[in-house]
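K.L.:
The structure follows.
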Amino acid sequence: MYSFTALELFNSLESGKNCLIIDVRNQSDFEESHVEMPGAVEVVNIPYFDFIEDEETTVAIVPKNIDLKIICAKEASSVFVAAVLEGNGYESIGFLEGGYAMWQDLLVAKQLHSQPYQLWQFIRPAKASCSYAVAKNGEMFIFDPSRNVEFYQQFASQNGCEISHVFETHLQADYISGGPAFEAIYAVHEDDFKDSSFNYHAISDGENYDLDGVTIKVIHSPGHTPGSTCYIIDKEWMITGDTVFIVSIGRPDLGGKVVEWSRQLYATLKQRISVLPESLKVLPGHFSDWSKEVSDDGSICSTFGQIIQNNEDIYGINDVELFVEFIQSHMRAQPEIYSQIRLVNTGHLDPCPDERQSMDIGKNQCAASQQP
Amino acid sequence: MTAHDETLDCKGLQCPMPVIKTKLKMDTMEAGKVLRMITSDPGSCKDIPAWAERVGHTLISTENTDEGFVFLLQRGD
């Protein structure tokens, strides 16, 4: 029996190593969220209590001669199942250290640019979300950090950097932000954060932030939320949050004002986004489908021109009422937890770490349209 | 408190122990008898009902009390 970390699991799956993941959590937790990757992943759900209730029948459905990776919620049940399988003659069995909770919080760094400044994308596989860091000469800006603040702090110090600014593209509803926990300038748009309980630095449209000669330009892009903002880095990259995705756009129906916000989003797309250079490399806040949105280098990035081409069903709409209809025809319920997460992200709710973790589970539901 | 025939205290135990102990206890009981089981492990809260449904026991009630999560389980046939 061996153990593996969440990052080792990611790397092993990304490199295409053959294995079978046995997720031994209960069926509803499994259906809510489980290990997904760009390529095909062999994963089955066999609750650990099946091994307790009827060991012989349950063991019989587990194939032999393949590396087995067991995942439970925390760890102990996967060790239990691994021991049962070992007792039945299975040889290559690993368990995930810390359980699914570790996979849930895993951030994978992909370096996108190295000279004269560094740019990284942090992919959070379980949430299908991305955060970013830009650094030069020992100073680092972070964008849209998730809850795992320690990760970003360690990452900065490993790269010899201090985090001076943390920017948000908008008030997140689908995951708990780490933003307020940093000892740095918290730069956010007032239209999303005016009711928050903590101090922040208000950004405004057209402003430029300087990172030792690298310019970060603020583009207010309301629609997904009133305070949604994109950041253009060095005229080359654009961090778009939940405004522009590789596939689809950010849904404008989460605030309960679908018509008003859809019109706002339409105006943003036509007047503020479509006018930008097609050569800009878009760095989105989320993705929905690994197989369609991941690049060959494993990052989630595409040129704006390519995105316009691939999303003709959205960018081709030239009438605001047709756009509102498009949004309404794709609407679906939002997870109930989103209203609670907004309260946490504005400082009005302060759950304990365990609660934060369980609130933060599950893949994002932020795209306006989802292809089957 | 609803009537029950047996009790089992799993406070302080982590997954998978609450399910293992509950199974062993239920195995000693006759069909139709009711077990009052208490656990402090939040993970077991979803697992106990899922396990009970899978193996044919009836979950009569679930209650979040100051002592922990209390389940009333009736043994199936």
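K.L.:
Show me the GluC sites (Glu not before Pro) within segment A:173-229 that DSSP assigns to loop and that have at most 11 other Cβ atoms within 10 Å of their Cβ.
P.N.:
For GluC sites (Glu not before Pro) across segment A:173-229 that sit outside H, G, I, E and B with at most 11 neighbouring Cβ atoms in 10 Å, the list reads A:GLU183.
K.L.:
For segment A:78-132 and segment A:277-339, what is the centre-to-centre distance using only Cα atoms, to the nearest Å?
P.N.:
Rounded to whole Å, the Cα centres lie 26 Å apart.
K.L.:
Compare the Cα positions of A:SER279, A:GLY89, A:PRO125 along the charge dipole of chain A (+1 at Cβ of Lys, Arg; -1 at Cβ of Asp, Glu; about the Cα centre) and return the one farthest towards the positive end.
P.N.:
A:SER279
K.L.:
Counting other Cβ atoms within 10 Å of each Cβ, which trypsin sites (Lys or Arg not before Pro) in segment A:273-351 have at most 12 and sit in a DSSP loop?
P.N.:
Of the trypsin sites (Lys or Arg not before Pro), the ones in loops of segment A:273-351 whose Cβ has at most 12 other Cβ atoms within 10 Å are A:ARG332.
K.L.:
Also, quick follow-up: Looking at the protein assembly as shown, send over the antiparallel percent of its DSSP beta bridges, to the nearest 5.
P.N.:
60 percent
K.L.:
While we're here: Per the helix-only calculation at 222 nm, which mean residue ellipticity applies to chain B, given -39500 (n - 2.57) for every DSSP H run of n ≥ 4 and division by its residues, nearest 500 deg cm²/dmol?
P.N.:
Using -39500 (n - 2.57) per qualifying helix, the result is -10000 deg cm²/dmol.
K.L.:
Plugging the Kirkwood radius over Cα pairs into Stokes-Einstein for segment A:2-102, at a temperature of 4 °C and a viscosity of 1.567 mPa s, what D comes out in µm²/s?
P.N.:
It diffuses with D of about 96 µm²/s by this estimate.
K.L.:
What residues does segment A:51-89 have that are buried by at least 50 Å² of accessible area in the full protein assembly compared to the chain on its own, 1.4 angstrom probe?
P.N.:
At a threshold of 50 Å² (probe 1.4 Å), the residues of segment A:51-89 that become less exposed are A:ILE52, A:GLU53.
K.L.:
Given A:LYS257/A:LYS363; B:LYS11/B:LYS46; A:LYS257/A:LYS281; A:LYS127/A:LYS217; A:LYS17/A:LYS64; A:LYS217/A:LYS281, which pairs have Cα atoms separated by over 20 Å?
P.N.:
Flagged as over cut-off: A:LYS257/A:LYS363; A:LYS257/A:LYS281; A:LYS127/A:LYS217.
K.L.:
Now for a separate question. Please report the antiparallel percentage of the DSSP beta bridges confined to segment A:107-337, to the nearest 5.
P.N.:
70 percent
K.L.:
Right, next: Could you give the dipole magnitude of the protein assembly as shown about its Cα centre, charging the beta-carbon of Lys and Arg +1 and that of Asp and Glu -1, in debye to the nearest 20?
P.N.:
That gives the protein assembly as shown a dipole magnitude of about 360 debye.
K.L.:
Count the net charge of all other residues whose Cβ sits under 13 Å from the Cβ of A:PHE155, scoring Lys and Arg as +1 and Asp and Glu as -1.
P.N.:
-1
K.L.:
Using Cα pairs closer than 8 Å and at least 6 residues apart in sequence, work out the relative contact order for segment A:255-315, in percent.
P.N.:
32 percent
K.L.:
Run the accessible area of segment A:193-261 with a 1.4 Å probe and give the carbon-and-sulfur part as a rounded percent.
P.N.:
47 percent
K.L.:
While we're here: Over all distinct Cα pairs, what is the inverse of the mean 1/r for the protein assembly as shown, reported as the Kirkwood hydrodynamic radius in Å?
P.N.:
About 23.9 Å for the protein assembly as shown.
K.L.:
To continue, here is another question. Over chain B, with the other protein chains present, what is the accessible area per residue in square angstrom, probe 1.4 angstrom?
P.N.:
53 Å²
K.L.:
Follow-up. Work out the FRET efficiency for B:VAL55 and A:LYS292 from their Cβ-Cβ distance, taking R0 = 60 Å, and round it to the nearest 0.05.
P.N.:
0.90
K.L.:
When the accessible area of segment A:2-102 is computed with all protein chains present and a 1.4 Å probe, what percentage of it is carbon and sulfur?
P.N.:
Summing carbon and sulfur atoms, their accessible area is 50 percent of the total for segment A:2-102.
K.L.:
If exposed means no more than 14 neighbouring beta carbons inside 10 Å and the site is in a DSSP loop, what's the longest run of chain B without any exposed GluC sites (Glu not before Pro)?
P.N.:
Excluding the exposed sites themselves, the longest stretch runs over B:31-66.
K.L.:
Report in % the part of the accessible area of segment B:6-74 that belongs to carbon and sulfur, leaving out ligands and nucleic acids; probe 1.4 Å.
P.N.:
Carbon and sulfur together cover 48 percent of it.
K.L.:
What is the sum of charges, Lys and Arg at +1 and Asp and Glu at -1, for the other residues whose Cβ falls under 14 Å from the Cβ of A:SER3?
P.N.:
-3
K.L.:
Between A and B, buried accessible area summed over both sides at probe 1.4 Å, in Å² to the nearest 100?
P.N.:
1200 Å²
K.L.:
With viscosity set to 1.306 mPa s at 10 °C, what whole-number translational diffusion coefficient in µm²/s follows for segment A:195-341 from Stokes-Einstein and a Kirkwood radius over Cα pairs?
P.N.:
98 µm²/s
K.L.:
What are the residues of segment A:17-43 that lose 40 Å² or more of accessible area, with a 1.4 Å probe, going from their chain alone to all protein chains?
P.N.:
Checking the loss per residue gives A:ASN26.
The values are calculated or read from the model by the stated rules, or taken from the named source; none is laboratory data. Here the structure is a predicted model, which is why all the values come from computation and not from measurement. Glycine also receives a Cβ, built like all others from the backbone with ideal geometry; neighbour counts cover every protein chain displayed. Note: accessible area is taken over every heavy atom of the protein model, side chains too, but ligands, DNA and RNA are not part of it. Shrake-Rupley method; radii C 1.70, N 1.55, O 1.52, S 1.80 Å.
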